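Input: a single structure, listed below in structure tokens.
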Amino acid sequence: MLIRAGIVALLIAAAMPLQAASYAVVEGVQLPAWIIRDGQREPLTAGTELKAQDEIATGSGARLLLRLGDGSQVKLGENGWLQIAELAQRQVKNFLSATLRVFAGAFRFTTAPDSGTDSEVTVQFATLIARLNTADIWGKKLGDREVLVLINGKVSVARVPEKSGEPPLEMKDLLTFLQAPRSGAGKIEPVQIEQLKIWAAETEIPDGGGALRRGGPWKLNLAKYANQIQALSLYDSLRREGYPAHIEKQPLEEGPAYLVRIAGFPSELEANLLGARLKQINPRLEPIASLQ
């Protein structure tokens, strides 16, 4: 009876449909950054839930951390452009199916520790396609070559476009990297730890960078106006530049005031650091961090 029950459970799991609307969420973002959804470009903020076909872009000095439904992490460096082409998840065994397209910038994908070994993740770079179940990889286009680092796990790599009958390259040795020119055979060799640290830093959100974090309680007040049109002008300017500003109307005895602010900082320090950066761009701003 136990054996039969186990077989039935396996059959049910195999037949269970994938949830096409499986979510990903922005855990952290060092601005500026944008989301492109249904042809509309908007500034990105921490806590934003993403879905299939969403695109993410980062500006100069920016970083991005996404967490997929199974706990896997996706990181993107500055001047990056990433599309979540496909995203689905089956709850049984924490199975994830995802296709990510990296058009620009440094990229890192790290499988969640408890992610199902049957998960199927495809990462498409300009000239390479990486397929993996459980792995930690880093990749970026450097000049005329694509670099793919295997930090942990294993990954199967093919050329773009894929040619029928041509076997993929299997990367199984940890701490190795593939250098793939636009044409010709790629070369796998060990990666030096110091070089890996330099590359990995390109996708990490540093402490003291003025980044937003999901659930961050601190806000950055940038300017207060009695004139709503002035507030809207600053609001529009910031959002175009990839900063998720919003306006709060404050009732005062002498009339309403319009406060332009950015929310989602994990600490007063991080809020003030972004405030200092923005004041360098626009000296008329008066950035003040606040919990209110």
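The values are calculated or read from the model by the stated rules, or taken from the named source; none is laboratory data. Treat the numbers as computed from the prediction; the structure is a model and nothing was measured. Here the Cβ is made from the backbone with ideal geometry for all residues, glycine too, and neighbour counts use every protein chain on show. These accessible areas exclude ligands, DNA and RNA; they are computed on the full protein's heavy atoms, side chains included. Shrake-Rupley method; radii C 1.70, N 1.55, O 1.52, S 1.80 Å.
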Restricting the search to the stretch 126-143, which residues are assigned to a loop (DSSP other than H, G, I, E, B), over 12 Å from residue 109 (Cα atoms) and out of contact with any strand residue (DSSP E or B) (no Cβ under 6 Å at 6 or more places or on another chain)? 143
Pairs please, first residue from the stretch 187-215 and open to solvent by 40 Å² or more (accessible area, probe 1.4 Å), second anywhere and part of a loop (DSSP other than H, G, I, E, B), Cβ atoms under 6 Å, 6+ apart in sequence or on different chains. 202/77; 202/106; 213/46; 213/266; 214/46; 214/47
How do the pairs read when you match residues in the stretch 140-152 that are among the polar types (S, T, N, Q) with residues anywhere that are buried (at least 16 other Cβ atoms within 10 Å of the Cβ), using Cβ under 6 Å and keeping only pairs 6 or more apart or on different chains? 152/136
Could you grab the pairs with beta carbons closer than 8 Å, sequence gap of 6+ or different chains, first residue in the stretch 56-74 and over 16 Å from residue 84 (Cβ atoms), second one in a strand (DSSP E or B) and basic (Lys, Arg)? 63/75
Within the stretch 259-292, track down each residue that is among the polar types (S, T, N, Q), open to solvent by less than 60 Å² (accessible area, probe 1.4 Å) and under 26 Å from the mean Cα position of the chain (by Cα). 267
Please find, within the stretch 72-87, the residue that is farthest from residue 103 (Cα to Cα) out of those that are in contact with a Gly (Cβ under 9 Å, 6 or more places away or on another chain) and of a type in the set (Gly, Ala, Ser). 77
Go through (1) open to solvent by less than 30 Å² (accessible area, probe 1.4 Å); (2) part of a strand (DSSP E or B) one by one and return the number of the condition residue 70 breaks. (2)
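So, residue 79, is that one modelled with pLDDT under 95 and open to solvent by 30 Å² or more (accessible area, probe 1.4 Å) or not? If you could, list the steps in order and put the result at the bottom.
On the way: modelled with pLDDT under 95: no; open to solvent by 30 Å² or more (accessible area, probe 1.4 Å): yes.
In short, no.
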Which one is nearest to residue 126 (Cα to Cα) among residues in the stretch 159-180 that are at pLDDT 90 or above and open to solvent by less than 30 Å² (accessible area, probe 1.4 Å)? 178
Would you check which residues across the stretch 51-65 are of a type outside the set (Val, Ile, Thr), modelled with pLDDT of 95 or more and surrounded by 14 or more Cβ atoms within 10 Å (Cβ to Cβ) and list them? 54, 55, 57, 59, 61, 62, 63, 64, 65
Say we look at the stretch 96-125 and pick out the residues that are open to solvent by 30 Å² or more (accessible area, probe 1.4 Å) and not in a strand (DSSP E or B); which of these is farthest from residue 197 (Cα to Cα)? 118
